[in-house]
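Data block below; observations after.
The values are calculated or read from the model by the stated rules, or taken from the named source; none is laboratory data. Predicted, not measured: the structure shown is a model, and the values here were computed from it. Cβ coordinates were reconstructed from backbone atoms using ideal geometry, including for glycine residues, and neighbour counts include every protein chain displayed. Surface accessibility is based on the protein's heavy atoms, side chains included, excluding ligands, DNA and RNA. Shrake-Rupley method; radii C 1.70, N 1.55, O 1.52, S 1.80 Å.
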Amino acid sequence: MEPFGSARYAGTAHAYGREGRCPSGHGYAPSGPVGAACARDAGDRPPAVSRAYGLCVVARVAGRRRRWAGVALAALVAAAAGLLAFAVFYLVDFALLGVSAAVNIAVIAAAAWWAFTTRRVWKRRLNLVLAVVAGLLLVADVLWFGVRHVAGVLALLAVAGLYVWAARRALDATSDPPAGDAPAPARPWLLVNPGSGGGKAMTLDLAGVARGRGVAVHVLTRGDDPAALARAAVDGGADAVGVAGGDGSLGPVAAVAAGAGVPFFCVPTGTRNHFAHDLGLDRGAPLTALDALNAEAGTERRIDLAAVGEHPFVNNVSLGAYADMVHEPGYRERKGATAHAVLPAGLRGAPVAQPVSVRDPDGRLHSGPLVLLVANNPYELRDPLRLGVRERLDGGMLQVSALYPASGQGAALARLVGRLLSGREPEGGQWAQWTAPDVLVEAPADTVKAGLDGEAVELPAPLDFRVLPGALRVRVPRSALPPAAAEARLYRPATVRRMWTVLRGDAG
């Protein structure tokens, strides 16, 4: 397999080039390992997209995001003021309704009693009329109270809906522009891993369904090189390449797509399919992912790709105890037993078998973590309902998470899990986390065991991690956009502060 970041992947790019001004006039931006400087418009953009393109995209979108942030914050203020006014007027109206109801009920009771006890017909009729009138007034008061406050509730819901709508466009990954109104691929190609997810692709007859939609299909066999197959498909005229399988199958083919400037798509037929979930695909109905190839039902996004050395990845790379588990024979079939065999020693404070070290952006050295995880874009750790989900795939950042071995590590791990499940920030000391566009991990050994998107690999040291902003065009069904997210998180103080930051133009 050719080195990731070579001329093959760079296309017409000046790979590893000097800094230069973006042709669209949005300032200086360094070129990344993949792609060339951004073009003035999508029509003359080189096939491979670089770090420069990703930064230029951010500059073009900043104004739009600031406007949406302004709308969202205005709607939030209006909703808060409306809620306060609603509460005040509700209490006043409720008090007036109570007085009116008491008077009318008293009139009804008195009139009914007099009508029942009087012997004179005209008095009986007069009291019955009074009782009916009081009853009608009571019903009218209740209806008027309900209509007024239903209207108020609907108005509040409308303002809250405007806030959600604007906030998602100001903050979510989907507020970034798609790759453009790109036409649907005419000659898509799909690599099917028949063993992923217990043979899910074969059970669903995915190959037959895909061929029926005009997709060229190759079923993976032992000894096949996914990257070489995808490269041959592109050379043969394929204008989109995809993978049906687990997360470990995606990276090599996605790298070929990025290098060739063609869209990538995936069909979630693996066991967990974290990448598909973060894209917003329906993992319970894998065949719906093929809608991404349809002109009306599909659309295109740009997301980040990440790499460690020559190895691309879409999710994360793990080092330490989890990597040792992945490398154990039979891990896939006996995950619980493997974890029991590998983890207890580290949790008791035993040194890790292959220690690594890494420096954070403040220059602090982190040595010998029990687990080190480097992720392509940050995972959510503060919302128990979204734990382990990436809110966006185009943030242009790696997330580094480190858990250290020490005496009492089991208790520390339990506290860490408890804090995560309760939505609180993890404590320091035996846990560290930060974000950076690139990371260098050093090790005393020549090679380091790693779990790359869940697959066992050995990487040469030192390990050079980098993110490639906007490098990957990805086709998804329109139903996957925007990704399903809990709207409640949009009302958090941290989210409001983030929107204020966007409005000021300090961050995009």
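Some observations on this one:
- The order of the peptides 290-298, 461-469, 203-211 by mean Cβ neighbours within 10 Å, most packed first, is 461-469, 290-298, 203-211.
- The stretch 232-287 - percent of accessible surface contributed by carbon and sulfur, probe 1.4 Å: 49
- Residues with amide H under 5 Å from that of ASN377, placed H, sequence gap 5 or more: MET397, LEU398, GLN399
- If you wrap the stretch 135-268 in the convex hull of its Cα atoms and look at it from every side, the mean projected area works out to 14.3 nm².
- Accessible surface of the stretch 83-164, 1.4 Å probe, proportion on carbon and sulfur as whole %: 82
- Rolling a 1.4 Å probe over the heavy atoms of the protein chains gives the stretch 125-280 an accessible area of 44 Å² per residue.
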